[in-house]
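A short worksheet on the structure shown next.
The values are calculated or read from the model by the stated rules, or taken from the named source; none is laboratory data. Small disclaimer: the values here were computed from a predicted structure and weren't measured. In this analysis, Cβ positions are derived from the backbone assuming ideal geometry, glycine residues included, and neighbour counts consider all displayed protein chains. Side chains included, ligands, DNA and RNA excluded: accessible areas come from the protein's heavy atoms. Shrake-Rupley method; radii C 1.70, N 1.55, O 1.52, S 1.80 Å.
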Amino acid sequence: QVQLVESGGGLVQAGGSLRLSCVASGVFFTMNPSGWFRQAAGKQRELVATMAAGGRINQADSVKGRFTISRDNTKNTLYLQMNSLKPEDTAVYYCNTKSLARDYWGQGTQVTVSS
């Protein structure tokens, strides 16, 4: 059974930093594409950053230079380091992975950036 558990969200002032973590069980990030998505209130879910099984990274233009996706293979954990946060980064952030043509999602973690 695949399970993704996110943590690390919270309330931070503009310009601050947070690091999100996503621990996977039942699936390995080294074998499947994975990433972070976010959904702000009243908006559609959007891609933040993805990492292919081989490590290739793709990021949304809005977060380039501020957010970094990484993973620890020994811990089967995906990270999202978020720096220089802006109020428009406020959203629920979701961890995602794809295995056998199926999408799996974590429960989401709230990130709120105050101005």
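Observations
- Solvent-accessible surface of the chain, averaged per residue with a 1.4 angstrom probe and all protein chains in place: 54 square angstrom.
- Loop-located trypsin sites (Lys or Arg not before Pro) across region 1-62 with a Cβ neighbour count of 11 or fewer within 10 Å are LYS43, ARG56, with loop assigned by DSSP.
- Radius of gyration over Kirkwood radius for region 51-115, both on Cα atoms: the Rg/Rh ratio is 0.98.
- What a 1.4 Å probe finds exposed on region 8-83 is 49% carbon and sulfur by accessible area, rounded to a whole percent.
- Look at the Cα gyration tensor of region 1-48: its axes a ≥ b ≥ c give a/c of at least 1.5 with a/b over b/c, and that counts as prolate.
- GLN1 versus SER62: modelled label distance in nm, points set 7 Å from Cα along the beta carbon direction: 3.4 nm
- Under 16 Å from LYS75, Cα to Cα: aspartates and glutamates that are on another chain or at least 8 residues apart: GLU6
- Coil-residue trypsin sites (Lys or Arg not before Pro) of region 60-89, DSSP, other Cβ within 10 Å capped at 10: LYS64
- Two-site FRET efficiency, ALA101 against GLN81, from Cβ-Cβ distance with R₀ of 35 Å, rounded to 0.05: 0.75
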